[in-house]
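The values are calculated or read from the model by the stated rules, or taken from the named source; none is laboratory data. Bear in mind that the values here come from a model prediction, so they are computed numbers and not experimental data. FYI the Cβ positions are ideal-geometry reconstructions off the backbone, even for glycines, and counts take in every protein chain you see.
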Amino acid sequence: MREGGAALPGGRTAAADRLELELREVGPGRLDAYERLLHAVADGEVRMLLWHGEPGTPSAQYGNMEVGGFGYVPAVTSAEELAASGWTRAHEVVAGRAIAGSLFRSRFGLWLNPHAAEGGVGIPWLDLRRIAGGLDRLPAGPLAMHEPTLQAPEFYERLTEAAFRAGSVRTLRQAWVRPGLGEEYLAIGVDLYEQSAAAHEAVRGMMAEAVRTAPGGFSVATVSMADEYDPVAMWMARCTEAFFQR
């Protein structure tokens, strides 16, 4: 695969330099630096280490490792780091956003430069999901969640009335979400009888109607309860009762 980014002396790329710069900045409590690293992965490329096979063949299989009971796939950030790792089997260069979209669905994270003296940095699958889906669209972890205690009777009345009219809505749940970075918000979990285009359009109309009556000072997000990878949906399914049920 072609390596992207502007070429620098020695065959390096600007994207690889940026990725390694952000990697060095990551440390305990440095959520801002970690977020910049995620952006660098999304915009760059990594070298995936093949345990079996050759790039592009049906037998190709990435290596994997377990850290803290969670699965990760190792990768290196540049040709120089590949040489430093001592890896002698095949590897392939993959766009960061593409490998993130592939790995998170198997609930595998990505571990960058595990050969490094400090052990490298692991990106859990939930953050790979953010890279694949859009870092500006999905909230930064760690997420703190609890049931809301909002005094907003008009909003809830309008929301449940609209849900009743939208015949595809089975249940509604809610969570107050505090991201690791960014503003707190109210999440409304929507469980549908069917995942059709018409059903999703009905939900958009329902939420647009209800949000017009929401108190100021916070935003409202819609979460699909059918999304088995969404941490907010998983928490609501496990920890809350539906406030609307058909």
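Testing residue 106 on (1) over 17 Å from residue 221 (Cα atoms); (2) hydroxyl-bearing (Ser, Thr, Tyr); (3) in a helix (DSSP H, G or I), one condition comes back false. Which one is that?
Answer for residue 106: the failing condition is (3).
Kindly check whether there is at least one residue in the stretch 124-146 that is closer than 26 Å to residue 207 by Cβ, of a type in the set (Asp, Glu) and touching a Ser or Thr at 6+ places or on another chain (Cβ under 7 Å).
Among the residues of the stretch 124-146, not one is closer than 26 Å to residue 207 by Cβ, of a type in the set (Asp, Glu) and touching a Ser or Thr at 6+ places or on another chain (Cβ under 7 Å), which makes the answer no.
State the number of residues belonging to the stretch 65-124 that are closer than 21 Å to residue 55 by Cα and among the acidic types (Asp, Glu).
3
Does residue 129 meet the test of being among the charged types (D, E, K, R), in a loop (DSSP other than H, G, I, E, B) and in the same structural domain as residue 16 (by TED's automatic domain parsing)? Before you say what the answer is, go through the steps one by one.
Numbers: among the charged types (D, E, K, R): yes; in a loop (DSSP other than H, G, I, E, B): no; in the same structural domain as residue 16 (by TED's automatic domain parsing): yes.
No, not satisfied.
With the stretch 138-246 as the region, which helices (runs of 4 or more DSSP H) entirely inside it contain at least 2 residues that are among the hydroxyl-bearing types (Ser, Thr, Tyr)?
Filter on the stretch 138-246 gives 153-165.
Listed here are the residues, each with its yes/no results for (1) closer than 23 Å to residue 143 by Cα; (2) touching a Leu at 6+ places or on another chain (Cβ under 7 Å).
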{"position": "169", "(1), (2)": "no, yes"}
{"position": "173", "(1), (2)": "yes, no"}
{"position": "176", "(1), (2)": "yes, yes"}
{"position": "182", "(1), (2)": "yes, no"}
{"position": "196", "(1), (2)": "no, no"}
{"position": "202", "(1), (2)": "no, no"}
{"position": "212", "(1), (2)": "no, no"}
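Inside the stretch 154-174, can you point out the residues that are under 17 Å from residue 226 (Cα atoms), surrounded by fewer than 22 Cβ atoms within 10 Å (Cβ to Cβ) and either of a type in the set (D, E, K, R) or in contact with a His (Cβ under 9 Å, 6 or more places away or on another chain) (or both)?
If the condition is that a residue be under 17 Å from residue 226 (Cα atoms), surrounded by fewer than 22 Cβ atoms within 10 Å (Cβ to Cβ) and either of a type in the set (D, E, K, R) or in contact with a His (Cβ under 9 Å, 6 or more places away or on another chain) (or both), then 168, 170 are the ones that fit.
Any residue in the stretch 41-55 that is in contact (Cβ under 8 Å) with a residue 60 or more places away in the chain sitting within a Cβ distance under 7 Å of a residue that is polar (S, T, N, Q) and surrounded by 16 or more Cβ atoms within 10 Å (Cβ to Cβ)? List the pairs, counting only those 6 or more apart or interchain.
The qualifying pairs are 46/77.
Which of the residues that make up the stretch 104-144 are surrounded by fewer than 16 Cβ atoms within 10 Å (Cβ to Cβ) and among the aliphatic types (A, V, I, L, M)?
Across the stretch 104-144, the qualifying residues are 117, 144.
Residues are listed down the side, and each one gets a yes or a no for (1) outside the structural domain of residue 119 (by TED's automatic domain parsing); (2) in a strand (DSSP E or B); (3) more than 22 Å from the chain's Cα centre (by Cα):
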position	(1), (2), (3)
23	no, no, no
32	no, no, no
46	no, yes, no
56	no, no, yes
66	no, yes, no
82	no, no, yes
